[in-house]
Amino acid sequence: MRVRSLGALLLTAGMAASISGTPAARAVVAGADAGAAPSALGVLAFGPGNVLFAADPQAAAIYAFDLGASTAPGAGAPGAADVPDLDKKLAAVLGTDAAQVEITDLAVHPATRNVYLAAMRGTGAAAAPALVRLDGSGRLDVVALGGLKYTSVELPNAPAANPQARRDPRTASITDMAFDDGQLIVAGLSNEEFSSKLRAVKYPFSKVDPGTSVEIFHGSHGAVETRSPVYAFVPYTIGGTKQIVAGYLCTPLVTFPRASLTAAPGAKVRGTTIAELGSGNRPIDMIVYSRGGQDYLLMSNTSRGVMKIPTATFATASGITSQVTTTTAGVPFETLAELKGVEHLDRVGTDKVAVLTKTDAGMSLRTIPLP
């Protein structure tokens, strides 16, 4: 592991970023290495202490930023405020207009309960990443990444970029992340034949193994699939066994034993498909929470509304292994009619959830009671 520095990357209005080569793992201290910086910001996940994991799918790299002073008492009002017209207000902070800003993810700091937004400012090759904190007063502050210590790792077998493809596989090199039991679980695609991967990366970072190839039986398609990535997942214990509950395109819900994610060369596992939640749809975010003595999975998605799924039936669910001819099948769920246009979501404490909604009028953020 080499010691280097991030440099004066200050993501304020009008400033772009570039990327230089990144070793497999490195420790970095803020300083004068201006070339090393994320080329993009995708999914976010909080780890131990003040560590924020941020994916750079273009570089197939993961940064572990120490947020440090930005989370100290007095740095911002605790909690998360409701912000109508978030896209317009975020654009103003970044010195552009709303059409030039894409919010790629949000994550809630477990202690301060401030919301951190990953965004891209601009379009195409000129797009630059920004990390913005929303505090309990509604204040938006750009987090100066150049002042943060970080470590980073690069995926060893990421897919090559193909902008001409229907879905550029490089953009799916990292589709979701979650920190669990000392490891960062990472979903995405590789450049291998069985390209869908789940990886368990030890933290602090040292290296990344090739990951475990994961396959599923997709009931709606009536076929085994190995090249569709997990788009959203949560670690969750089912019947005393640690599992990964994962959502796929079109929209199978699948479980994988946590212990099946190994560093063994050529490791491969087939998940158990416990539900088909409807075609023409992609999961975005998942959380698990408890209410009234029961656990629930809450999932936002692109076209079928926020789904509330009781987890009580997961342990006894029969795996779907044959063609499904109905729209949905498997474990029961309900679609929450009161939640429209929800894209990203994350839990705020034990009783609330932050939801980012998109309508024709733009984007807004609300913090509401868990349903």
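Structure above, values below:
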read-out	value
Aspartates and glutamates whose Cα lies under 19 Å from that of LYS89, excluding same-chain neighbours fewer than 8 positions away	ASP97, GLU102, ASP105, ASP135, ASP141, GLU343, ASP360
Carbon plus sulfur fraction of accessible area for the chain, probe 1.4 Å, in percent	52 percent
Cα-centred dipole magnitude for segment 55-159, charges only on beta-carbon of K, R (+1) and D, E (-1), debye, nearest 20	220 debye
Of the GluC sites (Glu not before Pro) in segment 131-199, those whose Cβ has at most 11 other Cβ within 10 Å and which sit in DSSP loop	GLU193
Entries of LYS88/LYS352; LYS242/LYS268; LYS242/LYS352; LYS88/LYS197 with Cα pairs more than 28 Å apart	LYS88/LYS197
Positive-pole candidate from SER39, SER300, HIS221, dipole of the chain, charges at beta carbon	SER39
Of ALA55, ALA161, ALA80, the one that fluctuates the most in a GNM where the chain has Cα springs shorter than 10 Å	ALA161
Stretch gain in nm, segment LYS242-SER303, where the contour uses 0.36 nm per residue and the Cα spacing is subtracted	19.0 nm
Helix-only [θ]222 nm of the chain, DSSP H runs n ≥ 4, -39500 (n - 2.57) each, per residue, nearest 500	-500 deg cm²/dmol
Segment 302-353: trypsin sites (Lys or Arg not before Pro) in DSSP loop, at most 14 other beta carbons within 10 Å	LYS340
The chain, dipole about Cα centre (Lys/Arg Cβ +1, Asp/Glu Cβ -1), debye to the nearest 20	400 debye
Per DSSP, loop trypsin sites (Lys or Arg not before Pro) in segment 154-262 with at most 16 further Cβ within 10 Å	ARG166, ARG167, LYS207, ARG227
Cα coordinate range in the chain, projected on the principal axes (Å, largest first)	56, 46, 40
Dipole-positive endmost among LEU106, ALA60, VAL93 within segment 41-148 (Cβ charges, Cα centre)	VAL93
Lys/Arg +1, Asp/Glu -1 at C-beta; segment 112-167 dipole; positive extreme among ASN157, GLY124, VAL143	GLY124
Relative contact order computed over the chain (Cα-Cα under 8 Å; 6+ residues apart), in percent	13 percent
Accessible surface, the chain, averaged per residue in Å² (probe 1.4 Å)	41 Å²
Check: segment 269-312 dipole with +1 on Lys, Arg Cβ and -1 on Asp, Glu Cβ, in debye	60 debye
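The values are calculated or read from the model by the stated rules, or taken from the named source; none is laboratory data. This one's a predicted model, so the numbers in the text were calculated from it and none came from an experiment. Cβ: placed from backbone, ideal geometry, glycine included. Neighbour counts: every protein chain shown. Heads up: the accessible areas ignore ligands, DNA and RNA and are worked out on the full protein's heavy atoms, side chains in. Shrake-Rupley method; radii C 1.70, N 1.55, O 1.52, S 1.80 Å.
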